[in-house]
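The values are calculated or read from the model by the stated rules, or taken from the named source; none is laboratory data. Bear in mind that the values here come from a model prediction, so they are computed numbers and not experimental data. FYI the Cβ positions are ideal-geometry reconstructions off the backbone, even for glycines, and counts take in every protein chain you see. Ligands, DNA and RNA are excluded from the accessible area calculation, which covers all protein heavy atoms including side chains. Shrake-Rupley method; radii C 1.70, N 1.55, O 1.52, S 1.80 Å.
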Amino acid sequence: MKYVSRWCAWLPILSWIRDYDRHALAGDGVAAVIVTLMLIPQALAYAMLAGLPPVVGLYASLAPLLIYTLLGTSTMLSVGPMAVVALMTASALEGVATPGSGEYLSAALTLAVLSGAILIVMGIARLGFLVNFLSHPVMTGFVSASGVLIAASQLKHLTGADIDGATLPTLLASVPDAVGKLSMPTLTIGATALGVLLVLRHWGRGGLQRMGMSPGVAGLMVKLVPIFVIVSGSLAVMGLGWNAGAVSVIGEIPVGMPPLTLPSWAPGQWQTLLGSALLISIVGYVESVSVGQALAVRRGERLDPNQELVALGSANLAAGCTGGMPVTGGFSRSVINFDAGARTPAAGAFTALGVLVAMMALSPWLHDLPMAVLSATIVVAVLSLVDLEAFVRVWRYSHSEGVAMLVTAAVTLGAGVEWGISTGVGVSLALHLYRTSRPHSAEVGRIPSTEHFRNVHRHAVETDTRVVILRIDESLYFANVRYLEDLVTEVVGRASPPQDLVLACQAVNIIDATALESLETLNRRLVERGIRMHLAEVKGPVMDRLRTTALCSELSGQIFLSLNDAWVALHGRMPAPLSSPSRHVPHDQAS
């Protein structure tokens, strides 16, 4: 059993394939049909967004899905091309090669392999926790700004004009010169597709329900609207003769299995793409795990973050070796996979099979698919990523996090996606260091007739001018020890200084070496002024480490189990209820 569990941990398919039955097969099959119909236009569009041939998106929807079926721990996650990762791919490759060239495609394969290798290494090293450095407000600001940037980048395909740029300012700056070069056929087909998609997305479900359709069927029909728009657009282009050059179309899509490919082995290119691959890996993983965990909670299932790193990394390696592009778990497709009744990761394998069948049978029919229609599907899809209400909500709750969110969005729009996410991480860490370097603290007193202690400025409490109890609401480490020293200096510098200072440590989880030296120094300074320093409510793990230091033996005061013990001993001038700190304190007496 031990070896079986170990194999199941590395190959999760073994944990569910044994119980696979016809009910699971039916649920996975239905979900696969629906997701396949949604994935095909998205895959084509997101490959185009990344500056790659549309067929690359289809290639990236085959092997990665099969690999994730073997290694993934989410029963609902749908892996494949995603809008934000596609935009980051385009940004990473912009200065490496010319879009459409063989070198550009080779660099995309390298980027996928690099991203996969980074994710696998992180998974083996169990570094899933590192993604916690990307706060939710920062991710929301980045994704919202990316949505705006993606929508703006599609103007050239929607209008047929030369509107180019990697940032919002450069895109908008090219609009005036492009106005006189609009292609009316392209603009007509693009605006029509965009209008139909927007109208039916927002009002289609309600209209169908008013016509007597059930909510479930109406919702499904609205989800399939992009397929209807794609077919209609292709027929319109063929009927009007615009496929002869008046409107840009996808062109010929190779029929058959994806090719076996290898990335570029040029060390210089790997070095150039390494930073971008790291960012793509982290952003893709955060988005994937976020939706995977949300759906797992709704099913009462468990997601293994570290195994997900290995699964997504392997999926990206597979994409890089089969002509694909960087992939991750898609939010909209995963939610639809869940709603459609997917039971196991096998739904992803069936989806890959559906995409392969479509490539074999439908490639000739996709030849006249207008690029403007694909751009319209991209715009409508990414506008759902823009969450303006979140900016207001976060700002009202926390101005500092609101600033991080706004700065991330502004830099993403103004300087590009890589600078945006890097700035977001930097701002988040800087704000965290600033907050913890000035920890909240309070002088506390006892609520009469109780053993509870609260802030003297917020509650009616008992105090004693001879005893000051100072509560520190943060772990003590190198960044905030100076703040603690200043705080203590202010307290003992009063006109009537106390005789005893108690540091309440119930919120202190760590005392690092710098903070330990600071406490030892404070103890000596207070002794010189005739003031005893005490500690109270020290947590067990912290106490375990303090016992090995000189602080316990040199402390002028005592270490109390609770604030009430300290209050009784010092306020009432009664004998201390606990032993001297120079003696051993049992582990079970350290809170």
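Is the range 296-304 home to any residue that is open to solvent by less than 30 Å² (accessible area, probe 1.4 Å), charged (D, E, K, R) and under 24 Å from Arg343 (Cβ atoms)? Scanning the range 296-304, I find no residue that is open to solvent by less than 30 Å² (accessible area, probe 1.4 Å), charged (D, E, K, R) and under 24 Å from Arg343 (Cβ atoms), so the answer is no. Among the residues of the range 396-432, just one is over 25 Å from Gly95 (Cα atoms), within 18 Å of the chain's Cα centre (by Cα) and hydroxyl-bearing (Ser, Thr, Tyr), namely Ser428. Residues in the range 155-206 that are in a helix (DSSP H, G or I), surrounded by 14 or more Cβ atoms within 10 Å (Cβ to Cβ), of a type outside the set (Val, Ile, Thr) and more than 34 Å from the chain's Cα centre (by Cα): Ala178, Pro185, Leu187. Considering Leu200, Leu220, Leu208, the condition of being within 21 Å of Ile378 (Cβ to Cβ) and either among the hydrophobic types (A, V, I, L, M, F, W, C) or in contact with an Asp or Glu (Cβ under 9 Å, 6 or more places away or on another chain) (or both) is satisfied by Leu200 alone. Which condition from (1) open to solvent by 20 Å² or more (accessible area, probe 1.4 Å); (2) in contact (Cβ under 8 Å) with a residue 60 or more places away in the chain is the one that Arg18 breaks? Among (1) open to solvent by 20 Å² or more (accessible area, probe 1.4 Å); (2) in contact (Cβ under 8 Å) with a residue 60 or more places away in the chain, Arg18 violates only (2). Yes or no: Ser61 in contact with a helix residue (DSSP H, G or I) (Cβ under 8 Å, 6 or more places away or on another chain), assigned to a helix (DSSP H, G or I) and at pLDDT 90 or above? No; evaluated as a whole, the condition is false for this residue. In the range 310-341, the qualifying residues are those that are within 16 Å of the chain's Cα centre (by Cα) and modelled with pLDDT under 95, and the one that is surrounded by the fewest Cβ atoms within 10 Å (Cβ to Cβ) is Ser332. Residue count for the range 514-562 under the criterion of being open to solvent by 70 Å² or more (accessible area, probe 1.4 Å) and in a helix (DSSP H, G or I): the result is 9. Scan the range 92-106 for residues that are surrounded by fewer than 23 Cβ atoms within 10 Å (Cβ to Cβ) and either of a type in the set (Ser, Thr, Tyr) or outside any loop (DSSP other than H, G, I, E, B) (or both) and the total you get is 7.
Here the condition is being out of contact with any Leu (no Cβ under 9 Å at 6 or more places or on another chain), closer than 17 Å to Thr167 by Cβ and touching a residue at least 40 places away in the same chain (Cβ under 8 Å); of Ala410, Ala390, it holds for Ala410 alone. Taking Gly330 as the residue in question, decide whether it is under 18 Å from Ala32 (Cβ atoms) and in contact with a strand residue (DSSP E or B) (Cβ under 7 Å, 6 or more places away or on another chain). Spelling it out, Gly330 is indeed under 18 Å from Ala32 (Cβ atoms) and in contact with a strand residue (DSSP E or B) (Cβ under 7 Å, 6 or more places away or on another chain). Can you find even one residue in the range 273-280 that is open to solvent by 80 Å² or more (accessible area, probe 1.4 Å) and either closer than 11 Å to Thr110 by Cβ or in a loop (DSSP other than H, G, I, E, B) (or both)? Yes, some residue in the range 273-280 is open to solvent by 80 Å² or more (accessible area, probe 1.4 Å) and either closer than 11 Å to Thr110 by Cβ or in a loop (DSSP other than H, G, I, E, B) (or both). One residue stands out among those in the range 207-236 that are under 32 Å from the mean Cα position of the chain (by Cα) and among the small types (Gly, Ala, Ser): the one that is nearest to Leu44 (Cα to Cα), which is Gly219.
I need a count of the residues in the range 439-451 that are surrounded by 14 or more Cβ atoms within 10 Å (Cβ to Cβ) and without any contact (Cβ under 8 Å) to a residue 60 or more places away in the chain.
Within the range 439-451, the subset surrounded by 14 or more Cβ atoms within 10 Å (Cβ to Cβ) is 439, 441-447.
After this cut, where a residue has to be without any contact (Cβ under 8 Å) to a residue 60 or more places away in the chain as well, the list is 439, 441-443, 445, 447.
Count: 6.
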